[in-house]
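To start, the structure itself, in structure tokens.
The values are calculated or read from the model by the stated rules, or taken from the named source; none is laboratory data. Only a predicted model underlies this, so the values are computations on that prediction, with no experimental measurement involved. Cβ sites come from the backbone with ideal geometry, for glycine too, and all protein chains shown count toward neighbours.
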Amino acid sequence: MANWNDPQDTRTGFNTPFGTAGAVGVGRAEVVDQGLRRYMLSIYNYMTSGVLLTGVVALVTAYSGLAISFATGPLMWLVALSPLAIVFAMSFGANKFSATTLQALFWGFAVLMGLSLSTIFLVYTGGSIAATFFATSAAFAGLSLFGYTTKKDLSGFGTFLIMGVVGLIVASLLNFWLQSPGLYWAISFLGVLIFAGLTAWDTQRLKEQYVHVRGTEWAGKVVILGALSLYLDFINMFLFLLRFMGSSRN
């Protein structure tokens, strides 16, 4: 790995002889910039492919009539808990798993999520689901672009947003028994805001990680794990928005 503390790596400007070290510095900056673009593009490609795979599986499962099988009974818990198990395995086992194994887990996760999300077609109309998907896509693109381009340091929001996710989980479990409409809508509203913030924060975090992982074996792993993070931001924002934009079949 390169020595990032080497002052020669960043020596540019009036103290650098023109045409020598200065040119090298510019060349390195261009290489880093091109490498960063490829790195981020790889993350977005994996994330987008995962979302599309989930959508295709959900559509096929719903229109084949199999979605009802995942709405109740043992299969419901299987498709609900299996993706969570994969997320934990990928997050805590990244050191042990190869990039190829992480890729396989990511695609398996996307398929299982498709089976799980097929049940939303039993609750909402296809048109409202499509409208919410495109609205989420537009919002995600804007938020991710903001996270990528902003000069503002968003790292301070990370702990707050993660605590917000924990709060959402606790509140959702509590409302499972309370069945409070007011709490339901409050959770939905906060869920949209929290995952919107996480989209921008995760994008900036992944961008900043590049200088630490470039040229290492971790680079391929971070691409997959980064795609998983953005995938979860997108899907959760979509599901919370669907509560507002979805038209019930009843």
Considering residues of the stretch 140-170 that are aromatic (Phe, Trp, Tyr) and over 16 Å from the mean Cα position of the chain (by Cα) only, the residue nearest to Phe189 (Cα to Cα): Phe160
Quick check on the stretch 225-246. Is at least one of its residues modelled with pLDDT under 95 and in a helix (DSSP H, G or I)? no
In the stretch 146-156, residues that are surrounded by 13 or more Cβ atoms within 10 Å (Cβ to Cβ) and either modelled with pLDDT under 95 or of a type in the set (A, V, I, L, M) (or both) total 1
Say whether the condition of being within 18 Å of Ser248 (Cα to Cα) and not in a helix (DSSP H, G or I) is met by at least one residue in the stretch 125-148. yes
Does the stretch 181-216 hold any residues that are among the small types (Gly, Ala, Ser) and at pLDDT 95 or above, and which are they? Gly182, Ala186, Ser188, Gly191, Ala196, Gly197, Ala200
All but one of (1) crowded, with 18+ Cβ neighbours inside 10 Å; (2) touching a helix residue (DSSP H, G or I) at 6+ places or on another chain (Cβ under 7 Å) hold for Arg243, so report the exception by its number. (1)
